[in-house]
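J.: Sharing a structure here in structure tokens format.
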Amino acid sequence: MNRQLYTALFYACLPLIALRLLWRALRAPAYLKRWGERFGYAEIPPLKRPPIWLHSVSVGESLAAVPLVKSLLSDGEVVVMTTMTPTGSVQVQNNFAEAIAAKQLIHVYAPYDLPASVQRFLSSVGPKCLIIMETELWPNTIAACAERNIPVVLANGRLSEKSARGYQKIGGVIGGTFKQLTKAAVQHRDDGRRMMELGLPHENCVITGSIKFDLTISDDTRQSAAALRNEILQQPRHIWLAASTHLGEDEKVLAAFKLAKQLNPKLFLILVPRHPERFNNVANQCEAGGWKVQRRSHGEAIGADCEILLGDTMGELLMLYGVADCTFVGGSLVPVGGHNLIEPAAWGSAIMSGPHLFNFAEVSRLLKDSDAMAITDDVEQLSATVANLTSNDELRSEMGKRAKQIADANRGALDKLLAVIKPYR
């Protein structure tokens with residue numbers, strides 16, 4: 001497939017894309033808003049200097065970009081930050097409210113990868129470089145930047161074996177796209193090898209590690225976590241956090257909770273679904289199981305009879321990791337590929353995961369090799385592991401210490417990434 005055929009297929013799919021936005025809007029009304037931005041009609045106010053365009057597709061990438069964006073802003077750069085999803089938009093607005101108010105950071109949705117949309121966007125923004133978080137490679141966008149001599153840097157790049165196989169099916173398009181990257185700062189040598197096999201020039205690949213290790217937990221976040229933990233522990237409880245769960249995974253977590261609670265009646269669950277449009281369904285699921293449930297968004301004090309706290313707010317997951325005795329990270333009992341394991345590790349939490357970890361292969365390897373994470377394949381293993389960790393203080397503490405050692409030992413990727421970006425700022 002060449003880029004012309006890719007573009008024609010993209011145009012042909014526009015009615016389906018519109019229908020998908022409408023379907024998603026049934027559960028998340030924000031998908032009905034700001035469609036013009038998706039076609040390159042970005043309203044950019046007058047800026048102090050040519051901006052850096054930084055693209056992070058959704059919540060995970062936006063969170064990963066926080067230390068990088070803060071560093072750029074502290075150096076006086078102006079940043080236009082794009083996302084594709086409303087949840088990513090909320091994350092950006094929450095994390096950079098002051099910079100947005102000062103017009104040092106502008107948030108808009110990224111244009112669809114259509115030539116006219118991308119050209120409109122580039123003409124409105126006038127970026128001096130484009131930084132793409134992780135693996136969001138759009139052929140027409142990167143080609144348009146190359147035509148305008150706008151450097152493109154892939155930051156915190158990763159490419160799983162599964163994604164590489166998918167890219168190979170459109171090798172004619174993606175090969176040219178990788179060749180047009182100015183630099184690719186990748187997390188691990190295996191990510192770099194897969195990208196070079198797809199066309200990335202060897203000299204454009206730099207191994208930097210993951211900037212997710214350069215996480216800073218603020219004093220405010222620590223205080224909020226301590227306050228909520230103390231509130232929950234007004235009753236004798238052991239706190240298990242199930243984070244970033246997906247459709248088909250919540251049922252398994254609740255089934256494991258039921259079994260584990262038979263072994264440890266003091267067990268208390270904080271359940272945080274990955275997508276906000278599922279909050280109500282998961283709440284109903286908990287109540288249908290006969291559990292006493294409270295919703296974090298209601299802001300009520302934790303009752304003596306509460307058994308499950310539903311984390312149905314945005315931007316609080318990092319804080320909730322600091323509340324828990326042990327943590328299960330979702331997207332891993334279903335074949336999603338897992339989610340960020342570094343945040344619970346940075347808190348020193350004992351970590352559990354399912355077997356599907358291809359999106360975090362290197363981080364999961366480090367944790368597994370250090371016995372800092374337990375892999376559970378099914379409900380029975382998950383329930384047994386939760387019961388064991390919450391009743392064995394020494395085991396839980398040792399796992400948490402090892403996880404934190406891994407998190408601390410792998411810092412430094414941000415400085416390497418900033419060095420890669422520096423010539424293009």
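The values are calculated or read from the model by the stated rules, or taken from the named source; none is laboratory data. Since the model is a prediction, treat every value here as computed from it, not as a measurement. Here the Cβ is made from the backbone with ideal geometry for all residues, glycine too, and neighbour counts use every protein chain on show. For accessibility, only protein heavy atoms count, side chains too; no ligands or nucleic acids. Shrake-Rupley method; radii C 1.70, N 1.55, O 1.52, S 1.80 Å.
J.: With only Lys, Arg, Asp and Glu charged, each at its Cβ (+1 for the first two, -1 for the last two), find how big the charge dipole of the chain is about the Cα centre; round to the nearest 20 debye.
T.: Working: 46 positive and 42 negative charges, 238 e Å.
Computed about the Cα centre, the dipole is about 1140 debye.
J.: Roughly how large, in nm² to one decimal, is the mean projection of the convex hull of the alpha-carbon atoms in the range 219-341? Spell out each step's value before the answer.
T.: On the way: hull surface 28.7 nm².
Value for the range 219-341: 7.2 nm².
J.: Distance between the C-alpha centers of the range 116-154 and the range 397-415? Whole Å please.
T.: 34 Å
J.: Build a GNM of the chain with springs between Cα atoms under 10 Å: which of Ser89, Ser160, Ser71 gets the top mean-square fluctuation?
T.: The residue with the greatest mean-square fluctuation here is Ser71.
J.: Shape of the range 251-308 from its Cα gyration tensor (a ≥ b ≥ c, root eigenvalues): rounded if a/c is under 1.5, otherwise prolate when a/b > b/c, or oblate?
T.: Numbers: a/c = 2.02, a/b = 1.23, b/c = 1.64.
Oblate, since a/c reaches 1.5 and b/c is not below a/b.
J.: Also: What FRET efficiency comes out for the pair Ala226/Arg27, r = Cβ-Cβ distance, R0 = 22 Å, nearest 0.05?
T.: Numbers: r = 34 Å, r/R0 = 1.54.
According to the calculation, E is roughly 0.05.
J.: Here's another thing I want to ask about it. State whether the range 137-212 is rounded, prolate or oblate according to the following rule on the C-alpha gyration tensor (a ≥ b ≥ c being the square roots of its eigenvalues): a/c under 1.5 gives rounded; otherwise a/b larger than b/c gives prolate, and the remaining case gives oblate. Working shown, then result.
T.: Numbers: a/c = 1.87, a/b = 1.17, b/c = 1.60.
It is oblate, given that a/c is not under 1.5 and a/b is not larger than b/c.
J.: Run the 1.4 Å probe and let me know the accessible area of Arg49, rounded to the nearest 10 Å².
T.: For Arg49, the solvent-accessible surface is approximately 90 Å².
J.: Right, next: Work from the charge dipole of the range 131-289 (Cβ charges, +1 for Lys and Arg, -1 for Asp and Glu, about the Cα centre) and give the residue of Ser163, Ile217, Phe279 farthest towards its positive end.
T.: It is Ser163.
J.: Report in % the part of the accessible area of the range 233-329 that belongs to carbon and sulfur, leaving out ligands and nucleic acids; probe 1.4 Å. Intermediate values should be presented prior to the final figure.
T.: On the way: 1880 of 3870 Å².
Roughly 49 percent, rounded to a whole number.
J.: Under 20 Å from a label point 7 Å along Cα→Cβ of Lys368: give me every residue in the range 188-212 with its amide N that close.
T.: The answer is 188-194, 210, whose backbone nitrogens lie closer than 20 Å to the label point.
J.: Here's something else I'd like to know. Which of the peptides 97-103, 350-356 is most tightly packed, and how do the rest follow, judged by the mean count of other Cβ atoms within 10 Å per residue?
T.: Details: 97-103: 12.9, 350-356: 23.7.
Listed from highest to lowest mean packing, they are 350-356, 97-103.
J.: Considering the convex hull of the alpha carbon atoms of the range 68-189, report its projected area averaged over all viewing directions, in nm², one decimal. Intermediate results must be reported in sequence, preceding the final value.
T.: Numbers: hull surface 33.0 nm².
About 8.3 nm², averaged over all directions.
J.: Then there's this: Sorting check: for 304-310, 116-122, which peptide has the highest mean count of neighbouring beta carbons within 10 Å, and how do the rest follow?
T.: On the way: 304-310: 17.6, 116-122: 19.7.
In decreasing order of mean packing, 304-310, 116-122 become 116-122, 304-310.
J.: While we're on this one: Using only Cα atoms, figure out Rg for the range 1-118 and give it as a multiple of 2.2 N^0.38 Å.
T.: Details: Rg = 15.4 Å, N = 118, 2.2 N^0.38 = 13.5 Å.
So the range 1-118 has a normalised radius of gyration of 1.14.
J.: Let me ask something else about it. Rounded to two decimals, what is the ratio between the C-alpha radius of gyration of the chain and 2.2 N^0.38 Å? It would help to have the intermediate numbers written out before the result.
T.: Working: Rg = 22.0 Å, N = 425, 2.2 N^0.38 = 21.9 Å.
That ratio works out to 1.00.
J.: Plugging the Kirkwood radius over Cα pairs into Stokes-Einstein for the range 296-425, at a temperature of 25 °C and a viscosity of 0.890 mPa s, what D comes out in µm²/s?
T.: Numbers: Rh = 16.2 Å.
It comes out at roughly 152 µm²/s.
J.: For the chain, with a Gaussian network of springs between Cα atoms less than 10 Å apart, report the residue from Leu233, Leu357, Leu63 with the top mean-square fluctuation.
T.: Leu233
J.: Springs between alpha-carbon atoms under 10 Å, Gaussian network over the chain: tell me which of Lys404, Lys368, Lys48 tops the mean-square fluctuations.
T.: Lys48
J.: What net charge is computed for the residues neighbouring Thr221, neighbours being all others with C-beta under 14 Å from the C-beta of Thr221, Lys and Arg scored +1, Asp and Glu -1?
T.: On the way: positive: Arg222, Arg229; negative: Asp219, Asp220, Glu316, Glu343.
Net of charged neighbours comes to -2.
J.: Below 9 angstrom from the Cβ of Ala413, what's the summed charge of the other residues (Lys, Arg +1; Asp, Glu -1)? Write down the numbers at each step before the final one.
T.: Values: positive: Lys212, Arg411, Lys416; negative: Asp214, Asp415.
Charge balance near Ala413 sits at +1.
J.: Residues with beta-carbon under 12 Å from that of Tyr167, excluding Tyr167: net charge, scoring Lys, Arg +1 and Asp, Glu -1? Walk me through the numbers on the way to the answer.
T.: Working: positive: Lys162, Arg165, Lys169, Arg194; negative: Glu161, Glu197.
After counting each charged neighbour, the total is +2.
J.: So what is the calculated 222 nm ellipticity per residue for the chain, using -39500 (n - 2.57) for each DSSP H run with n of 4 or more, over all residues, to the nearest 500 deg cm²/dmol?
T.: Dividing the helical sum by the residues of the chain leaves -14000 deg cm²/dmol.
J.: Can you pull out the trypsin sites (Lys or Arg not before Pro) in the range 166-225 that DSSP calls coil and that have at most 13 other Cβ atoms within 10 Å? Walk me through the numbers before you get to the answer.
T.: On the way: sites: Lys169, Lys179, Lys183, Arg189, Arg193, Arg194, Lys212, Arg222; in loops: Lys169.
For trypsin sites (Lys or Arg not before Pro) across the range 166-225 that sit outside H, G, I, E and B with at most 13 neighbouring Cβ atoms in 10 Å, the list reads Lys169.
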